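Each remark here refers to the structure printed beneath this line.
The values are calculated or read from the model by the stated rules, or taken from the named source; none is laboratory data. Treat the numbers as computed from the prediction; the structure is a model and nothing was measured. All Cβ positions, even for glycine, are placed from backbone atoms using ideal geometry, and neighbour counts span all protein chains on display. Surface areas here come from the heavy atoms of the whole protein model, side chains and all, with no ligands, DNA or RNA. Shrake-Rupley method; radii C 1.70, N 1.55, O 1.52, S 1.80 Å.
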Amino acid sequence: KVLDFGLAKLSEPAAIATPSAGSEDATRVQVNTTPGMVMGTVSYMSPEQARGKETDARTDLWSLGVVLYEMLSGKVPFTGETVNHTIVSILEREPLLLENVPSELQRIVRKSMTKDVDMRYQSARDLLIDLKNLRRELDLQGELERSIIPNRATTTESANENQTQVYASGSAAATSSGEAAATHSVTTSSSSLEYAVTQARSHKLATAIVVLVLGGAISIAGYFALVSRGGSGEQIHSIAVLPFANATGDKEADFLAEGIAETLINNFTKIPELKVTARSTAFRFRGREGEPLEVGRELKVGSMLTGRLLQRGDQLSIQVDLIKTSDGVQIWGNRYEGKTSDIVSIQQRIATDVSSQLKLKLTGAQAQQVAKTYTQNAEAYQRYLRGRYHWNKRTADDLRRGLQEFQQAAEIDPGYAMAFVGLADTYVLLEEYAGVPASESLPKAQAFAQKALEMDDSIGEAHATLGLINTYMWRWAEAERELKRAIELNPNYPTAHHWYSVVLNAIDRRRDEAMAEIKQAQQLDPLSGIINLNVGIVYLAKDDPNSAAAEFRRIVEFDPHWWGGHFYLGVACLGLGRHEEALSELQKSAELTNRTGRSIGFLGYAYAVLGKRAEAQAIIKELEDMYARRKAIGQNIAAVYAGLGDKDQAFAWLEKDFQARSGDLIRIQWYPPFEPLRDDPRFKDLVKRIAFPD
C-alpha cells in the first residue's frame with residue numbers, strides 16, 4: 001500500500017473552560033500557522049510550497065517526482081546542511097542526471113520536478129499516460145530478454161483471483177483541487193507485480209519502479225473516483241478498435257496485429273445497439289493510442305480499444321486496453337499470452353472479454369456472433385489475416401498476394417467459410433484493379449461466394465460480395481436482392497451500402513438512391529478512401545463535377561499516396577477545363593499504380609482531348625500490349641480512341657469487352673470519356689444488350 005499521510009494537525013482540549021468559551025472550543029483544532037508559513041517535509045517540497053504560495057495538485061506531482069528520483073538513485077534530489085540550504089537548493093538548482101536510467105524515464109522525472117508550475121505535469125492523468133507508455137516499452141524489452149515470468153495464457157478469471165490493489169489517502173492539495181485523474185478503480189494483475197519483483201532482483205530497477213509506481217498512480221486516482229462516483233458500471237454504446245501495434249520489430253507480423261483488430265471490428269458490428277467505427281476510419285488513427293480524448297472527439301465514440309502484439313518465435317503476448325474517451329481513463333485491460341497455435345482461442349477470448357466490459361445485454365445469438373471464429377485452425381486463420389492485409393491495399397500486386405493467402409487458408413481448412421469469402425472478394429476486383437478478364441474472374445468469384453453461403457447463410461459479407469458479382473454480371477435484380485440481404489443481416493457493414501450504391505449508380509433514374517446509400521456508407525466509415533471516392537463518383541454521374549472535384553481533393557489531401565484520389569481528381573479537373581492540373585494528377589496516378597491499364601487509359605484520353613496525339617498513340621500501343629497479356633481491358637483503349645475522335649475504334653474495343661462480359665461496362669453510362677459516344681445508335685444498342693433496367 002502506498003500511503004500519503006499528509007499534514008498532521010494537533011487537536012488539544014482547552015486548558016480552562018471560561019464562560020466566554022464557545023461550545024466548539026473543547027475540540028477546536030489547534031493549527032498555529034499564519035499565511036505564508038512553510039509546512040511539510042522540506043526535501044519533498046515544491047518551489048511554490050517552499051515560498052509559502054498557493055498550492056494545488058501539481059505540488060503533489062512534484063513530490064511524487066522527488067519520490068521517483070529517490071527510488072531510482074537512492075537519494076533525494078535536493079539537500080543541504082540546514083533546512084534553509086535545502087530550500088535554496090529546491091528554488092535554484094537542478095537535480096543531477098540519474099545514472100543507468102532510460103532517457104524517457106529521465107524526462108518523466110524531470111518534468112514532474114519542473115520549477116515552473118505551468119510547465120510541470122498538469123494532472124495525474126498526463127503523468128499516468130506517460131508512465132503507461134513507458135511501462136509497455138520496458139515490458140516488451142523485458143520479454144525480449146526473456147526476463148518476464150514464464151508464458152501462460154492470462155484470462156480475466158485468473159487475473160481477478162490474484163489482484164493487488166493499491167489505495168492512498170488524498171493529500172490536502174489533491175483533495176482541495178479536485179484533480180482526480182481517473183474515474184474508476186483499476187486493478188493490477190499479479191503478473192505485473194511478479195514481473196516487478198523479477199526485475200528488481202535482477203537490478204533492473206527502472207522497469208520495476210515504473211511498474212510499481214504505475215500501479216500506485218492508477219489506483220490512487222481510482223480510489224478518489226470510486227469514492228466520488230461509485231465505480232464504473234455504465235453501458236458503453238460506441239467503440240473504436242484501433243489497429244494493434246506490432247511491437248515485434250518484424251513487419252511480417254503486421255498482418256497479425258492488424259488482422260486481430262479487424263476481426264474484432266467485424267465481430268462487434270454484429271451488435272445492433274453498439275456503434276462501431278469501421279476499419280478504414282479506425283485505422284487512420286494508427287499511433288494515436290495516447291490521445292483518447294482527441295480520438296473520442298474526432299470519431300464521436302465513448303470508448304476505444306487498443307492493443308500491442310509481441311511475437312517471439314512461437315510465443316505470443318497481446319496486451320489489450322479498453323479506454324474511456326471522455327476522460328482517458330482505462331476501463332479495463334488484460335494481457336493474453338500463449339503460442340501462435342493459440343491465436344484463434346486468444347482472439348475469441350479477447351472478443352468475449354471486451355463485449356463483457358462494454359456492459360451490453362447481449363442475446364445468446366449475439367454473444368455467439370461476437371465470439372464466432374469460423375475456424376479453429378490457427379494456420380488457416382493467420383493465412384486469412386494475411387490475405388485481408390493485402391486485399392485492403394487494393395493494388396494489383398497485393399490482390400494477387402492476397403489471393404494466394406486465401407487459397408492456402410481454404411486448403412488448410414476446407415470448412416473455413418471466411419476464406420472463401422476472401423477468395424470471392426479478390427476475384428470480383430481483379431478486372432478493375434489488375435485487368436484480368438471478367439470471363440475468367442467473375443465465375444470463380446461467384447462459385448466461392450456461393451460456397452461460403454452454403455456453409456453459413458448468415459454471413460452478411462458473403463451476400464454483399466455476391467451482390468457485387470451479380471452487378472458485374474449484369475444481373476440487376478439478383479444483385480439488389482443480395483445486397484439488401486447483406487444490409488438486413490448487418491446494417492453496420494459499410495461495404496454493403498457502398499456496393500449497393502454501385503448498382504444504383506449504374507442506372508440513370510436511381511442516382512439519388514445511389515447517393516443516399518453511399519452517404520450511409522460514408523457515415524459508417526467516414527475516413528474510408530474507397531467510400532469517399534465513390535461519393536465523388538456519384539457526383540460525377542449526377543453531372544456535378546465541382547462537388548466531385550471537392551470530394552476528390554479532400555481525399556488527396558488526406559492521403560497523397562493513394563492513386564484513386566489523384567486519378568479521379570484528374571478526371572474531374574479535365575471536365576472542369578483545368579487541363580494542367582488534370583494532367584499532373586493523372587500522371588501521378590499512373591506513377592503510383594505502376595501504370596495499370598485503368599490509370600494510363602484515362603491519361604491517354606487526357607492527352608488526346610488536349611491535342612497531344614503522339615502521347616495518346618504511344619499509350620494505345622502500351623495498352624494493346626497489356627491487353628494481350630491480360631493486364632488491361634478494352635474499355636481502357638476505347639477511352640483513348642474516344643478522346644481522339646475515332647468512334648469506330650472506340651466501339652470496336654467496347655465490343656471486345658462485351659464479348660468478354662466485362663463487368664466494367666456498367667460504367668459506360670456515366671464514364672466521362674464516353675460522353676461523345678452516347679448519341680450514337682451503337683452506344684444505345686450496347687446499353688440495351690447489357691440490359692440496364694429502365
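Observations on the structure shown:
- Matching residues in the stretch 609-652 - criterion: being outside any helix (DSSP H, G or I), under 44 Å from the mean Cα position of the chain (by Cα) and not β-branched (Val, Ile, Thr): Leu610, Arg629, Arg630, Lys631, Ala632
- You will find that of Arg613, Arg630, Arg598, the residue that is at positive phi and open to solvent by 10 Å² or more (accessible area, probe 1.4 Å) is Arg630 and no other.
- Looking across Asp657, Asp646, Asp664, one residue alone is without any contact (Cβ under 8 Å) to a residue 24 or more places away in the chain and either open to solvent by 20 Å² or more (accessible area, probe 1.4 Å) or not polar (S, T, N, Q) (or both). It is Asp646.
- Cβ-Cβ under 7 Å pairs, at least 6 apart or on other chains, the stretch 462-473 side crowded, with 24+ Cβ neighbours inside 10 Å, far side not in a helix (DSSP H, G or I): Ala464/Tyr493
- Of the residues making up the stretch 431-461, those that are part of a helix (DSSP H, G or I), touching a Phe, Trp or Tyr at 6+ places or on another chain (Cβ under 8 Å) and not aromatic (Phe, Trp, Tyr) number 12.
For every residue, the table says whether it meets (1) more than 27 Å from the chain's Cα centre (by Cα); (2) of a type in the set (Ser, Thr, Tyr); (3) more than 17 Å from Glu291 (Cα to Cα).
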site: Glu99; (1), (2), (3): yes, no, yes
site: Glu104; (1), (2), (3): no, no, yes
site: Lys111; (1), (2), (3): yes, no, yes
site: Met119; (1), (2), (3): yes, no, yes
site: Ser123; (1), (2), (3): no, yes, no
site: Asp126; (1), (2), (3): no, no, no
site: Lys132; (1), (2), (3): no, no, no
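A quick yes/no check of all residues on (1) touching a strand residue (DSSP E or B) at 6+ places or on another chain (Cβ under 6 Å); (2) open to solvent by 30 Å² or more (accessible area, probe 1.4 Å):
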| position | (1), (2) |
| --- | --- |
| Gln357 | yes, yes |
| Arg383 | no, yes |
| Trp391 | no, no |
| Leu399 | no, no |
| Leu423 | no, no |
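- Test: Thr269 is surrounded by 20 or more Cβ atoms within 10 Å (Cβ to Cβ), at pLDDT 90 or above and closer than 21 Å to Asp525 by Cα: no
- The conditions of being modelled with pLDDT under 85 and at positive phi are not met by Asn84.
- Selection of the stretch 535-567 for residues being open to solvent by 20 Å² or more (accessible area, probe 1.4 Å) and part of a helix (DSSP H, G or I) yields Tyr539, Leu540, Pro545, Asn546, Ser547, Ala550, Arg553, Arg554, Val556, Glu557, Phe558, Trp563.
- Selection from the stretch 338-350 of residues that are under 16 Å from Tyr384 (Cβ atoms) and either surrounded by 15 or more Cβ atoms within 10 Å (Cβ to Cβ) or β-branched (Val, Ile, Thr) (or both): Thr340, Ile343, Val344, Ser345, Ile346, Gln347, Gln348
- Lone unmet requirement of (1) at negative phi; (2) open to solvent by 20 Å² or more (accessible area, probe 1.4 Å) for Ala479: (2)
- For the condition assigned to a helix (DSSP H, G or I) and out of contact with any Lys or Arg (no Cβ under 9 Å at 6 or more places or on another chain), Ala424 does not qualify.
- Taking each residue of the stretch 670-694 that is farther than 20 Å from Arg509 by Cβ and looking for partners that are among the aromatic types (Phe, Trp, Tyr) and outside any loop (DSSP other than H, G, I, E, B) with beta-carbon atoms closer than 8 Å, six or more apart or interchain, yields Pro673/Phe602; Pro673/Tyr605; Leu677/Phe651; Leu677/Phe683; Asp680/Phe651; Arg682/Phe651.
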